[in-house]
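Each reported figure results from applying straightforward, stated rules to the coordinates on display, with no laboratory input. Quick caveat, the model's predicted, so the values are computed rather than measured. Every residue, glycine among them, receives a Cβ derived from its backbone with ideal geometry; neighbour counts consider all protein chains shown.
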Amino acid sequence: MIPAIRYLLFIWLTFIISTFGFGQNVVTEKYSHMLAGEELVERNTKEEAYGVFLIESPLEKLRAASHSFDILRVLDKSHAIVRFEGQRIPSTIFRAWPVNHEWKLQDRLYQKHPEDREVFVIHTSNIEKLKTQLRLNSIAILKSTHRSVFAVSSIATIRKHLLGFDFVTYIGQESLKATQESTVTDLDLSVNAISTVQRLFPALKGGGRTVGVKDNQFIAEDIDLIQKAVNSTIASPTIDNHATDMSTIIAGLGNSSIIGKGVAQDAILFMSDFNNLLPDSQQLLEDAQVSIQNHSYGTQIENFYGALAASYDQQIYDNPSMLHVFSSGNEGVTVPEDGIYANLGMYANLTGNFKMAKNILTVGAIDREKNSVSFSSKGPAFDGRIKPEIVAYSNVGTSNTAALVTGTSVLLEQAYENIETTSPTSAMLKAVLINGADDIGDRGPDFETGFGNLNAKNSMNIVTGSQYWEDNVQQNETKTLELVIPVNAKNLKVTLVWTDLAAQPNDNVALVNDLDLIVTDPANTNWLPWTLNTEASTESITAPATRNADHINNIEQVTITDLSAGIYTVEVNGFSIATDNQPFALAYSWETANVFDWNFPRANDNYPYDGESIGYLRWQQTYPENTFGALSVSFDNGTTWEEIDATADLAAGFYQWEQPENINTNARLRMQINGNDHFSENFTVSTAINPRVSLDCEEAIELRWNKKEGATSYNIYNLQGREMALVQQVTDTTYAFDKDQYLLPYFSVQARLDPGNAGVRGKTINYESFGGNCYFNSVFADITEDGTAIQVFTDIGSLYQVAQVEVVRIDSANNRTVIETLTNLDTITPEIFDEQPKAGQNKYQLVLTTINGEEYRSDVVDAFFFDDQEPFLIFPNPVSSSGGINVYSGNEGDNQLFFDLYSFDGRKVLTKKLSSDRAFISMNGLDAGVYIYNITSSDGRKMSKKLVIK
């Protein structure tokens, strides 16, 4: 061999050996606290091995061979804690070390003070033995499952009395204090095309389905949740608004207003207490027929796989049709302090250990323009898995987004059962939801928005088009599906989901069974799934997705933008499967090029969505990038068109349109693209009517509202049973009725528009909550500006059955004089004047008589009148020496006013400059007796009289 080549080969081999050796030293040092002895010399010994070892082996090979030994904890992709019981150590294991019991401890426990008493979770292979040891050592048990116990103790006690038992496999800490993560103030079903699904599939309302809501208890009297609760022995004793809001988003009846209309209106609700963070009893859920459960709460940021995460994964694995939907959390601006992504920025901040589970669905938040919002908690999960898996709209919290996805899942489940006559698995629902989502941001998934924004319309089309596939696969087995892609197709998307076996609590890698997805196009090119860089650096976790084999997630997705007509082959391979076989679900879809479709508004929709908030027009389209359209609107059914924007960006998918003010009419939209017109269905443009109670008498009520331009009449709705029923149409802006005419006090008003359509129905009011007046809303009196009379002002509130109103003046002797009688009133604010008031104080009362002879009296009001003989008013007189007098002057402008008080022997005892027409002067300190006061004004007015102090 040539010496130079031999030298280079020697250098290369030295580098490889030194690099390998350095890597092993690092690994050994990392886990050295777990080691109990030297490395086994004979790695492939024929002798039977007993005990627990730290072994080195590729994880996929270890999983595949795990039928002959127990994997107790996965440390990383190459190292695990394994128990052998008389088994030959497989040849796939490179190295092995005996271990102590430290591998059972969660990493964060090493920072705990040994004697601090706290709540610990202890995972076990024998729950009865564990409970016995806890009782023997007087360790209090808070709660338990069939595999875990939450107990109060110290780490020193646990080390001494529990750590050494073989049946103890994990000891850690997981937060048990749940917190709610938002309220519903901004419900808008148009952002995620849920309202589109409700229009296109009106029969899908969740009828006959029970949805689980783990929270507090909702307010049973809420008119959007009438008869929604089914019996539950595990419901929270606490009733609050958050549970009410989440329940409303999922299944609200829409009686209160359009934002009280939930996703699945006909569904009913099974409530359970979120203060128990463990999964609810599967038997109780099955008895209540719950297959979808909402979890809009969190605890604290916990970046590890604990007993709570494992328990949810195991429940779903044992019950494949059970879907748990979680909010991602509202800690999006928090930097985590533990886990491999600690202190890397505002990532890896999901709230709660249970959200580290892989079989659940975790939902983040975006705004109305599909931008990620700062408060929404982000991934990655503790081991680099994609979290959240999906996002939806909310500007206030991820609680709302989880509820939106839960409600949508109910509709998809109902549609699937209509086709297949059997329930979908949770893996199928996840595949359909994720495959239908709109990718936002950089192409492919990311750790802020997951696989994209919920698009209920896309997901529903996948289900109704039967664009899904279910099967199972074994180790090294490949299952295939052929997709025939037509001409003019684009944007193929394929999503694979499987419900994985739960990992062991404290595992550093959650994935157990590993499947691979590959799509092969007609040119025999293989397309791999999108993956994210999981290295622990800000640059890595924020980098765009790339195409690679995925050995971390149990969700994989392949997308191909440009398609050729022909057969595309989808392959699902059992890369590493520890069980006999692994079921999976797959959803797929593609689009047709140059298609435009309106999502909102559609027929019978109103713009803006709730008649109050900022409005957005929404559409879907498949035109090439940088294509613009001419957007216009017609208010006369297409006879004439008004331009909104000549260059609307089609790729945005939405347009914020400020509709003309004070307009209530029918409308239609047009988007012109490359000479083609795309028309919307007819919809209404209107603002909500918010009525008020103008009359509240013992037997009668009147509602009043502002006139709506363009309204031909108004629909009156009353809550009857479980829905708002149309009870009357009026042309006026009032509606009066007897209280005994309707059973319930809930009413709303809706404008009718020419030619017969109706605008948005306004918010429902409960007239009993207004505490209104019977006819007299307000009465007061004051001197007129010219000072010659007194005017009595009143708001009668209603002219319903009014015959007359008498204006009564009451003098100091309580004599009553009718100074005017008003009949045939045509206004609720009549002009009333007393042209001949008396100097000083004047009192007035209004007496209203109805056509039935009933009499209603207003409060007594007063006003002060001043003339040349009596320009000032002093009272009380006599006055207490500990009190004071009021000086009313009717003073205006820049006039100066002076008050001087003299004793009866002529001494000045008090002087004041008055700056107001109504002043108070204290008499404190003056002796009882008779005094003389003088009041002078710079405009020449004077008055001098006696004042008695007693």
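As a rough guide to protection, the peptides 678-691, 896-909 ranked by mean Cβ packing within 10 Å, highest first, stand as 678-691, 896-909. A cut-off under 9 angstrom between Cβ atoms defines the neighbours of residue 774, and their net charge, with Lys, Arg +1 and Asp, Glu -1, is -2. The base-10 log of I(q)/I(0) for the stretch 31-103, evaluated at q = 0.17, 0.19, 0.23 Å⁻¹, reads -0.53, -0.68, -1.03 [Debye formula, identical scatterers on Cα atoms, solvent excluded].
Counting charges near residue 112 (Lys, Arg +1; Asp, Glu -1) among other residues having Cβ under 12 Å from its Cβ returns a value of -1. Measure out, as a whole number of angstrom, how far apart the alpha-carbon centroids of the stretch 345-386 and the stretch 609-630 sit. The stretch 345-386 and the stretch 609-630 have Cα centres spaced 27 Å from each other. Taking a straight Cα-Cα cut-off under 25 Å and skipping sequence neighbours fewer than 8 places away in the same chain, the lysines within cross-link reach of residue 838 are 942, 945, 946. Gyration tensor analysis over the Cα atoms of the stretch 179-592 returns equivalent ellipsoid semi-axes of 31, 24, 21 Å (largest first, whole Å). Could you tell me the distance between the Cα centroids of the stretch 499-532 and the stretch 155-175, to the nearest Å? What the calculation gives is 34 Å, centre to centre. When each of the peptides 584-591, 103-110, 712-719 is scored by how many other beta carbons lie within 10 Å of its residues on average, the order from highest to lowest is 584-591, 712-719, 103-110. The local environment of residue 527, defined by Cβ-Cβ distances under 9 Å, has a net charge of 0 under the rule Lys, Arg +1 and Asp, Glu -1.
Ranked highest first by average number of other Cβ atoms within 10 Å, how do 751-759, 240-248 line up? Don't skip to the end; give the middle numbers.
Details: 751-759: 17.8, 240-248: 24.2.
The most tightly packed comes first, giving 240-248, 751-759.
Using the rule -39500 (n - 2.57) for each DSSP H run of four or more residues, divided by the residues of the chain, the 222 nm mean residue ellipticity is -4500 deg cm²/dmol. Structural descriptor for the chain: relative contact order 7 percent, calculated from alpha carbon pairs under 8 angstrom and at least 6 residues apart. For the stretch 558-654, the calculated P(r), taken from all Cα-Cα distances in 5 Å bins from zero up to the bin holding the longest distance, is 2, 8, 14, 16, 14, 10, 9, 8, 7, 6, 4, 2, 1, 0 percent. When only Cα pairs below 8 angstrom with a gap of at least 6 residues are kept, the stretch 596-685 shows a relative contact order of 35 percent.
For the cross-link pairs 112/177; 430/457; 177/205; 378/490; 112/214; 177/378, which exceed 23 Å when the distance is taken from alpha carbon to alpha carbon? Show your work: numbers first, answer last.
On the way: 112/177 19 Å; 430/457 15 Å; 177/205 34 Å; 378/490 30 Å; 112/214 32 Å; 177/378 20 Å.
Listed pairs above 23 Å: 177/205; 378/490; 112/214.
For the chain, what D do you get in µm² per second when you plug the Kirkwood radius from alpha-carbon pairs into Stokes-Einstein at 10 °C and 1.306 mPa s? Working shown, then result.
Working: Rh = 33.8 Å.
Taking Rh from Cα pairs, D becomes 47 µm²/s.
DSSP assigns beta bridges within the stretch 596-685; of those with both partners inside it, close to 90 percent run antiparallel.
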